[in-house]
């Protein structure tokens with residue numbers, strides 16, 4: 001599966017609504033949400049996801065009514081002093 005990062009506008013969501021959105025995303029089949037981070041003050045959420053391809057991921061976002069500001073497929077990732085390829 002390919003790795004993607006995405007950015008979303010979450011303006012006007014309460015902390016409780018944001019928590020529920022994140023839980024729903026993480027429990028939803030078809031795409032694996034590795035991590036999610038959100039800031040109410042900035043009105044943004046960033047997600048790290050695994051999906052078979054971009055079309056599947058875009059469809060998944062549409063099903064969850066998530067507006068995508070930008071979407072990036074990750075080719076290289078550096079963690080703990082190591083660089084891996086996707």
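The values are calculated or read from the model by the stated rules, or taken from the named source; none is laboratory data. Here the structure is a predicted model, which means the values were calculated and not measured. All Cβ positions, glycine included, derive from the backbone under ideal geometry; neighbour counts span all protein chains shown.
A compact table of results
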quantity: Some residue of segment 27-49 being surrounded by 13 or more Cβ atoms within 10 Å (Cβ to Cβ) and in a helix (DSSP H, G or I); calculated: no
quantity: Given (1) loosely packed, with under 12 Cβ neighbours inside 10 Å; (2) at pLDDT 95 or above; (3) under 13 Å from the mean Cα position of the chain (by Cα), index of the condition residue 67 fails; calculated: (2)
quantity: Per-region count, segment 1-26, residues surrounded by 11 or more Cβ atoms within 10 Å (Cβ to Cβ) and part of a helix (DSSP H, G or I); calculated: 10
quantity: Pick from segment 73-86, criterion closer than 15 Å to residue 1 by Cβ and at pLDDT 95 or above, ranking: surrounded by the fewest Cβ atoms within 10 Å (Cβ to Cβ); calculated: 75
quantity: Residue within segment 53-64 that is surrounded by fewer than 15 Cβ atoms within 10 Å (Cβ to Cβ), touching a strand residue (DSSP E or B) at 6+ places or on another chain (Cβ under 7 Å) and modelled with pLDDT of 95 or more present; calculated: yes
quantity: Flag for residue 47 being closer than 15 Å to residue 71 by Cβ and in contact with a strand residue (DSSP E or B) (Cβ under 8 Å, 6 or more places away or on another chain); calculated: yes
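Per-residue answers, yes or no, for (1) closer than 16 Å to residue 1 by Cα; (2) within 11 Å of the chain's Cα centre (by Cα); (3) in contact (Cβ under 8 Å) with a residue 24 or more places away in the chain:
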residue: 13; (1), (2), (3): no, no, yes
residue: 17; (1), (2), (3): no, no, no
residue: 20; (1), (2), (3): no, no, no
residue: 24; (1), (2), (3): no, no, yes
residue: 33; (1), (2), (3): yes, yes, no
residue: 40; (1), (2), (3): no, no, yes
residue: 49; (1), (2), (3): yes, yes, yes
residue: 57; (1), (2), (3): yes, yes, yes
residue: 62; (1), (2), (3): no, no, no
